[in-house]
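A.B. asks: Got a structure for you, written out below as structure tokens; questions coming shortly.
The values are calculated or read from the model by the stated rules, or taken from the named source; none is laboratory data. Not measured: the values here are computed from a predicted model. Note: ideal-geometry Cβ built from the backbone for every residue, glycine included; neighbour counts use all protein chains shown. For the accessible areas, the whole protein counts, side chains as well, though only heavy atoms, and no ligand, DNA or RNA atoms are used. Shrake-Rupley method; radii C 1.70, N 1.55, O 1.52, S 1.80 Å.
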Amino acid sequence: MSEAITVAGVSVEPGVRRDLAPTASESFAGDRTTLPLAVINGSEDGARVFVTAAVHGDELNGIAICRQLLELLDPAELRGSVIVIPMVNVLGVQIGSRYLPDRRDLNRSFPGSHNGSMAARIARLLLEEVIIGSDVGLDLHTAANHRTNVPQIRIDTSDETSLNLATTFGAPFVLDAKLRPGSLREAAASRGVPVLTYEAGGPLRFDDEAIDTGVRGVLRVLRGLDVIDDAPPPAHDAPMILHESRWLRAERGGILELQVATGDRVETGQPLWSTVSPLGEERSWVEAEEEGYVIGATTLPLVQPGQAVLHMALPGDRLPSEDDPTDEEDEEDPDILQDR
Ligand SMILES: [Zn+2]
């Protein structure tokens, strides 16, 4: 028999699910701003795992993944406990925005503080009540505005525990991404809690493939940690480990016609996209200068020179290496980044 666990001052008995809404801060009107979460405490001892979604308020696929997990996870059958937080950034979700209403990025606000901004207080509450004390975390994201990502896990691949968990998750790609200061993953890692960042699909919509791959992945990780007994079988292929990626940008403006899709492997010289002028009299083609995988793409139909079109990763391996990792963790808008 396992023991009761305490989250945000509330004791949750073994074999019980409790839904809590601890206060993070207050709105202008003085309403409580909360962090709604479900604590599922198993009837037997085991690992403690957290699942967070919508740290960026416009990234909705994780909300759907959490909803399915909450239907599937039965506290009577669990060993250990699972804490599910479907909307970390509730205020961002309400206004369909990546950011808090004051434009702060919650995923650059960790470890946060008790007397800081709204973002700092939410970060601190999540860190103290959920992340610290957990054994493993899964943080669910999507691509930024006007982009989509093929389902992928982002971790520091030099961390063996993270790499093993990422392989168990079974998304088709694992991208080596160094820890970014202020991120949930960095704050957790510095406290000894490995976190897998799942990136799949685009913002402000539900993407069935991204959701399905995410649900299956989280269940596989829970089974790998011996928290549950049943999970989908291992993914058909071992994930491709990718160490280097970059955005390819438009050279000409016009109507964009992509010749490849996310997840595709491309060969050197293969046509990637063409741009055609509105009158149709001028068309230019862009070909791949090197082989690789398309791990993200714009969803906009029109482009201007310099605009990011495809996120390409160099062919990887199925083993970790000491290569320089990419700095694409939980990407911001690459067009904005370029101008900084
Ligand atoms: Zn995100």
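A.B. asks: Report, in degrees rounded to the nearest 10, the 0 to 90 angle that the Cα long axis of helix 208-224 makes with the longest principal axis of the chain.
C.D. replies: Between helix and principal axis, roughly 50 degrees.
A.B. asks: Report ³J(HN,Hα) in whole Hz for each residue of the stretch 52-64, in order, from the Karplus equation J = 6.51 cos²θ - 1.76 cosθ + 1.60 where θ = phi - 60°; Gly and Pro get x.
C.D. replies: 10, 9, 6, 4, 9, x, 9, 9, 9, 4, x, 5, 5
A.B. asks: Farthest toward the dipole's positive end in the chain, which of S183, P239, A288, given Cβ charges of +1 (Lys, Arg) and -1 (Asp, Glu) about the Cα centre?
C.D. replies: S183
A.B. asks: Where the centre of each part is set by its Cα atoms, how far does the stretch 81-100 sit from the stretch 103-176, in angstrom?
C.D. replies: Cα centroid of the stretch 81-100 versus Cα centroid of the stretch 103-176: 13 Å apart.
A.B. asks: If each residue of separation counts as 0.36 nm, what is the full-extension length gain between L300 and A4 once their alpha-carbon separation is subtracted?
C.D. replies: 101.6 nm
A.B. asks: Let me ask another. Can you work out ³J(HN,Hα) from phi for every residue in the stretch 277-285, in order, using Karplus 6.51 cos²θ - 1.76 cosθ + 1.60 and θ = phi - 60°, giving whole Hz and x for Gly and Pro?
C.D. replies: Here the 3J(HN,Hα) series is 6, x, 7, x, 7, 9, 10, 10, 10 Hz.
A.B. asks: Oh, and also: Go ahead and estimate [θ] at 222 nm for the chain from helices alone: -39,500 (n - 2.57) per DSSP H run with n ≥ 4, summed, over the residue count, rounded to 500.
C.D. replies: -5500 deg cm²/dmol
A.B. asks: So, with a 1.4 angstrom probe, what is the percent of accessible area on the stretch 84-124 that is carbon and sulfur?
C.D. replies: Result for the stretch 84-124: 51 percent of the exposed heavy-atom area is carbon or sulfur.
A.B. asks: So what's the angle, to the nearest 10 degrees on a 0 to 90 scale, between helix 160-169 and the longest Cα principal axis of the chain?
C.D. replies: Value to nearest ten degrees: 80.
A.B. asks: Another question about this same structure. Write down the accessible area per residue of the chain in Å², having rolled a 1.4 Å probe over the full set of protein chains. Intermediate values should be presented prior to the final figure.
C.D. replies: Numbers: 14680 Å² over 340 residues.
Per-residue value: 43 Å².
A.B. asks: Moving on. Read phi for every residue in the stretch 18-35 and hand back ³J(HN,Hα) as whole Hz from Karplus 6.51 cos²θ - 1.76 cosθ + 1.60, θ = phi - 60°, with x for Gly and Pro.
C.D. replies: 10, 9, 10, 9, x, 7, 9, 6, 9, 7, 4, 7, x, 5, 6, 9, 10, 10
A.B. asks: Taking springs between alpha-carbon atoms closer than 10 angstrom, which of R18, R246, R103 fluctuates most in the Gaussian network model of the chain?
C.D. replies: Top of the fluctuation ranking is R103.
A.B. asks: Now a separate question. Counting alpha carbon pairs within less than 8 Å and at least 6 residues apart, what relative contact order, in whole percent, applies to the chain?
C.D. replies: In percent, rounded to a whole number, it is 15.
A.B. asks: What is the extension gain from R67 to D226, computed as 0.36 nm multiplied by their sequence separation minus the C-alpha to C-alpha distance, in nm to one decimal?
C.D. replies: Numbers: separation 159, 0.36 × 159 = 57.24 nm, distance 2.13 nm.
Stretched fully, the R67-D226 segment lengthens by 55.1 nm.
A.B. asks: Right, another one. If you roll a 1.4 Å probe over the stretch 244-315 with all protein chains in place, what percent of the accessible area is carbon or sulfur?
C.D. replies: With neighbouring chains kept in place, the figure for the stretch 244-315 is 49 percent.
A.B. asks: Something else about it: Just report the Cα centroid separation between the stretch 1-58 and the stretch 204-223, whole Å.
C.D. replies: Each part's Cα centre sits 21 Å from the other's.
A.B. asks: What full-extension length gain, to one decimal in nm, is calculated for H114 and L279 as 0.36 nm per residue of separation minus the Cα-Cα distance?
C.D. replies: 53.6 nm
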